[in-house]
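Undergrad: The structure that follows is given in the form of structure tokens.
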Amino acid sequence: MTYTETYRTQLIDTLNGLDLGKVDTAIEILREARDNGNTIFMTGNGGSAASASHFVCDMLKGASYQKDKRFKILSLHDNMPTLTAYSNDVDYHDAALEQLKNFGSKGDVVIAISGSGNSPNVLRAVEYANSIGCKTIAFTGRDGGKLGPLAQLEIRTTEPHMGRIEDAHMIALHMMCYQFMDVKE
């Protein structure tokens, strides 16, 4: 097999290991947040931050445009001046946490994406979210790291390869978003 054939085969195996029941639970958490007017916050680093931003775009436009019920959702890392100010003047580990202190409320949802499950800034944000009564969802990889048991709902991709972890996360996020785009409610 070529490398691309091997990658695709391993990706299909990875996706077959995805716990769709947990993805469905996450969809219900998002539906409840939307219906109750709660905010959904996303956080992650690197490729996970890109996946979070992509998901926010899909939810703001695709899952909300021309709909009576709209999602309030944002990425904590998308405001670059705020992110870099906290990173420079305080500590990068607190950049998402400090923004949650401004905006987060009981009943809101925090979705954290971390392939390793060990990103300190993501962990601190989820710890704080739990302490104020937010619902927390983690997308993790490998063994889930510290993030897996910290979140109230963990959607773990046990695959060791970071690329396939990120692929599976994005596909699960698309499943969640397209539930609201494709299915009439």
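Undergrad: Is there a residue being within 18 Å of Tyr128 (Cβ to Cβ) and touching an Asp or Glu at 6+ places or on another chain (Cβ under 8 Å) anywhere in segment 73-84?
TA: There is no residue in segment 73-84 that is within 18 Å of Tyr128 (Cβ to Cβ) and touching an Asp or Glu at 6+ places or on another chain (Cβ under 8 Å).
Undergrad: Next up: Which one is nearest to the chain's Cα centre (by Cα) among residues in segment 116-167 that are under 24 Å from Glu32 (Cα atoms) and acidic (Asp, Glu)?
TA: Glu154
Undergrad: Filter segment 114-160 down to the residues that are among the β-branched types (Val, Ile, Thr), part of a strand (DSSP E or B) and farther than 16 Å from Ile29 by Cα and list them by number. Walk me through it before giving the result.
TA: Kept after step one, since they are among the β-branched types (Val, Ile, Thr), are these residues of segment 114-160: 122, 126, 132, 136-137, 140, 155, 157-158.
Right, trim to part of a strand (DSSP E or B) and you get 136-137, 140, 155, 157.
Thr140, Thr157, listed by residue number.
Undergrad: Looking at Gly37, Gly62, which is the one that is more than 15 Å from the chain's Cα centre (by Cα) and under 18 Å from Ala172 (Cβ atoms)?
TA: Gly62
Undergrad: State yes or no: is Glu185 crowded, with 18+ Cβ neighbours inside 10 Å and part of a loop (DSSP other than H, G, I, E, B)?
TA: The answer is no for Glu185.
Undergrad: Filter segment 165-185 down to the residues that are farther than 13 Å from Ile12 by Cα, of a type in the set (Asp, Glu) and at pLDDT 95 or above and list them by number.
TA: Answer for segment 165-185, where residues must be farther than 13 Å from Ile12 by Cα, of a type in the set (Asp, Glu) and at pLDDT 95 or above: just Glu166.
Undergrad: Same structure, new question: With among the β-branched types (Val, Ile, Thr), within 19 Å of Ile27 (Cα to Cα) and either out of contact with any helix residue (DSSP H, G or I) (no Cβ under 9 Å at 6 or more places or on another chain) or in a helix (DSSP H, G or I) (or both) as the only criterion, which of Val110, Val56 stands out?
TA: When all the criteria are applied, what remains is Val56.
The values are calculated or read from the model by the stated rules, or taken from the named source; none is laboratory data. In this text, all values refer to a predicted model and were calculated from it rather than measured experimentally. Positions of Cβ are generated from backbone atoms using ideal geometry, with glycine treated the same way; all protein chains shown enter the neighbour counts.
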